[in-house]
Each structure stands twice: as C-alpha cells, then as structure tokens.
Amino acid sequence: QVQLLESGGGLVQPGGSLRLSCTASGIILSINAMGWYRQAPGKQRELVATITSGGTTNYADSVNGRFTISRDNAKNTVYLQMNSLKPEDAAVYYCSAKGVQTLRPVDDYWGQGTQVTVSS
C-alpha cells in the first residue's frame, strides 16, 4: 500500500526553525495535492498548508508569512519550512496526500505524524 513517512520534527526554542519532509512510497502514478495538518493537545486537527501538483499553495492564517510549503513531484515529497516558531505551533504534524492515483481507485493517505515542540 501507499505509505507516507514524515521526518524533521524536534525541539526548538521560540523563534527557531524546523524543516519537515514527507515522502510517499509505493506504486504511485500521481498525487493531486499534498499538505500538512497539525493537532495540539485538546484541539482539533487543523490544516496548516497544502500544495497542488501545479504548485498552487494555501496556508492557514496563523502560519501565513512564517511557513513555506514546497513539493518535488518527481520524488512524491512535500516539505514544510517553519520559521519564527511560536509555542502555539507545538503539535503533532501530519503529512497528507490527496487524490493519490494507483492501480486502485484514487484515495487519500495520512502519515504517522511527527512531533514539533517549541519551548524555551
């Protein structure tokens, strides 16, 4: 089956930076969009940023101007550059791949999540 693997999470001080990566593996013909979601304790999972295969990006207001999403379509990899991190950014960050075309009907997939901690 298709698997998504995230990496790059960790502990940073407020104002620091992290770069998350996510690669989709398996028999994949195409992926319509990839993105990042996050979930903090006691809160609902929320969209952080998405990017289509054509390069169109969308950001949550809370991260716009600080985070940058990018994608390498040939490698089925999506990145999230996070700058000027705030304590409120601390969460488990999940990678998503939407509209994944395999030999089966298109489907959506989620990664296992990577922990981002922002603390002094």
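The values are calculated or read from the model by the stated rules, or taken from the named source; none is laboratory data. Just so you know, these numbers come straight off a predicted model, no measurement behind them. Cβ placement follows ideal geometry from the backbone for every residue including glycine, while neighbour counts extend to all protein chains displayed. We work out accessible area using only protein heavy atoms, side chains counted, and drop any ligands, DNA or RNA first. Shrake-Rupley method; radii C 1.70, N 1.55, O 1.52, S 1.80 Å.
What residue among GLY15, GLY99, GLY42 shows peak mean-square fluctuation when the chain is described by a Gaussian network model with Cα springs under 10 Å?
Comparing GLY15, GLY99, GLY42 in a Gaussian network model of the chain, the most mobile one is GLY42.
Using R₀ = 35 Å, calculate the FRET efficiency as 1/(1 + (r/R₀)^6) where r is the Cβ-Cβ separation of ASP107 and LYS86; round to 0.05.
Using R0 = 35 Å, I get an efficiency of 0.55.
Counting heavy atoms of the protein chains only and a 1.4 Å probe, report the per residue accessible area for the chain as a whole number of Å².
Accessible surface, normalised per residue, equals 54 Å².
By the scheme Lys and Arg +1, Asp and Glu -1, what is the net charge of all other residues having a beta-carbon under 14 Å from that of LEU85?
+2
Can you pull the percent of segment 7-120's accessible area that's carbon plus sulfur, 1.4 Å probe, other chains left in place?
After summing per-atom areas, the C and S share lands at 47 percent.
Pull out the extension gain between LEU5 and ALA74, defined as 0.36 nm times the separation in residues minus the alpha carbon to alpha carbon distance; nm, one decimal.
Numbers: separation 69, 0.36 × 69 = 24.84 nm, distance 1.62 nm.
Working it through step by step, the gained length comes to 23.2 nm.
Mind checking the alpha-carbon convex hull of segment 54-117 and giving the volume per residue in Å³?
Residue-normalised Cα hull volume stands at 108 Å³.
Separation between the SER25 and ASP61 pseudo-spin-labels, each 7 Å from Cα along Cα→Cβ, expressed in nm?
Roughly 4.0 nm, to one decimal.
From largest to smallest, what semi-axes in whole angstrom does segment 1-69 give when each is the square root of 5 times an eigenvalue of its alpha carbon gyration tensor? Provide the component values of the computation, followed by the final result.
Values: eigenvalues 104, 49, 33 Å².
Semi-axes (√(5λ), whole Å): 23, 16, 13.
Which net charge results when you count Lys and Arg as +1 and Asp and Glu as -1 among the other residues whose beta-carbon is under 12 Å from that of VAL116?
Charge balance in the 12 Å sphere: 0.
Segment 77-114 to segment 1-76: how many Å between their Cα centroids?
Segment 77-114 and segment 1-76 have Cα centres spaced 4 Å from each other.
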